[in-house]
Amino acid sequence: MDTQKADAKLQIVLQDEEARRIYEFKQKAYDDWISKIYHKAKKEEIEEARRLHDIWEKAFFDWVSGMNHARREGRKEGIKLAIARNMIKRNRPIDEIIEDTGLTREEVESLR
């Protein structure tokens, strides 16, 4: 992963409090571990530790990205439901609610 991409991903992580705490905890543990074993470890062991660290970091960034996507989708869905509820209160036809919100007939009827 190039440095610019890594920096951009790290900035995304730092915006999420929970993700930031997890990342900082993991990074401190990794840094502490490396500093303790660096003098004693074989080159292959250090390379393996870095490789595993990179794998963990990629998985972590993927997890954060997925969580952010889920939050965005949840907000969109919440907005759709709020719009549908308001349209129901104004006695708008169900077909109009479906068309304007993208909800299914069953989803709209469940709001009544």
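The values are calculated or read from the model by the stated rules, or taken from the named source; none is laboratory data. The model shown is predicted, which means the values in this text are computed figures rather than measured ones. Glycine gets a Cβ as well: all are built from the backbone with ideal geometry, and neighbour counts include every protein chain shown.
A few comments on the model shown:
- Exactly one residue out of Ile83, Ile94, Ile88, Ile79 is more than 30 Å from Ile37 (Cα to Cα), among the aliphatic types (A, V, I, L, M) and touching a Ser or Thr at 6+ places or on another chain (Cβ under 7 Å), and it is Ile83.
- 3 or more residues closer than 19 Å to Asp16 by Cα and either within 24 Å of the chain's Cα centre (by Cα) or at pLDDT 85 or above (or both): qualifying helices (runs of 4 or more DSSP H) within the stretch 41-112: 43-89
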